[in-house]
Amino acid sequence: MNYAQIRKYDIANGPGVRASLFVSGCTHNCPGCFNQDYMRFNYGGKWSKQVEDEFIEIMTDSQIKGVTILGGEPMDQIGDDDLLHLVQRIKSEVGKSIWLYSGYTYEEILADKKRREILSFCDVLVDGLFVESLKNLKLRFRGSSNQRIIDISRSMASGAVQMLESYE
C-alpha cells in the first residue's frame, strides 16, 4: 500500500480532532474528484512498519479523538494486508474510533470478504461515490447527497443499514 498524506490534526474529516490517513489508489475515477493525484496506486510514499508505528504514535496524543482513513480509495487497498493490519492495531493498541470513507457502498463492501474484514474494525463508514451533480457544500462530512454516514456496529448487528445518529 502507498499513502498520499498523513494529517496529524484534522478537523474536516470526522468529529473532533482526528489523525487522517489518505491512501493512494482508487479505481472509481469519479468526475469532479478533489484528490485526483491520489487515484494513482504508486502516488506518495510506501507504507512500512516504521510509517505505521509513527502513525500509531500520533494517535496516542490525548487531543486526538479518532482516526479517519480516506484517499484515494481505502477499500481498493486489498492487494496486501497493510490496511487490515493498521485498523487491527488502532483498535487493539489505542482504541480510537475509526471513520472510513469509501466510494463503495456498505452493501458492496459486505459482499467482499477482505473488505468486510477491514470494515469490521471500523466504527463509521461514509459510503458511496462522489456524484458531482449531487455536490452539496452544506453537508457535514460528505461531498454529495447520495453518500451515507453509517454506524457500522449497529448495521452489522441489525442486518440493515443504520445511519449514525450523532456526530459527537
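Among 31, 74, 15, the residue with the largest mean-square fluctuation in a Gaussian network model of the chain, with springs joining Cα atoms closer than 10 Å, is 31.
The residues of the chain expose on average 49 square angstrom of accessible surface per residue, using a 1.4 Å probe on protein heavy atoms.
Counting protein heavy atoms only, the chain has 50 percent of its accessible area on carbon and sulfur, 1.4 angstrom probe. 3J(HN,Hα) along the range 132-143: 4, 5, 9, 4, 8, 5, 8, 6, 8, 6, 8, x Hz, from the Karplus curve 6.51 cos²θ - 1.76 cosθ + 1.60 with θ = phi - 60°, whole Hz, x for Gly and Pro. Dipole orientation for the chain: of the candidates 38, 145, 59, 145 has the Cα lying most toward the positive pole (charges on Cβ; Lys, Arg +1; Asp, Glu -1). Here the Gaussian network model covers the chain, with springs between Cα atoms less than 10 Å apart; of 139, 100, 110, 139 fluctuates the most. Considering only 87, 124, 17, the Gaussian network model of the chain with Cα springs below 10 Å gives its largest mean-square fluctuation to 17. Among the listed pairs 96/138; 114/138; 114/135; 49/114, those whose Cα-Cα separation exceeds 23 Å are 96/138; 114/138; 114/135.
Per the Kirkwood formula on distinct C-alpha pairs, the Rh of the range 74-168 is how many angstrom?
On the way: mean 1/r = 0.0722 Å⁻¹.
In the range 74-168 this quantity evaluates to 13.9 Å.
The values are calculated or read from the model by the stated rules, or taken from the named source; none is laboratory data. All values derive from a computational prediction rather than experimental measurement. Quick reminder, even Gly has a Cβ in these numbers, built from the backbone with ideal geometry, and neighbours come from all protein chains shown. SASA here: full protein model, heavy atoms, side chains in, ligands and nucleic acids out. Shrake-Rupley method; radii C 1.70, N 1.55, O 1.52, S 1.80 Å.
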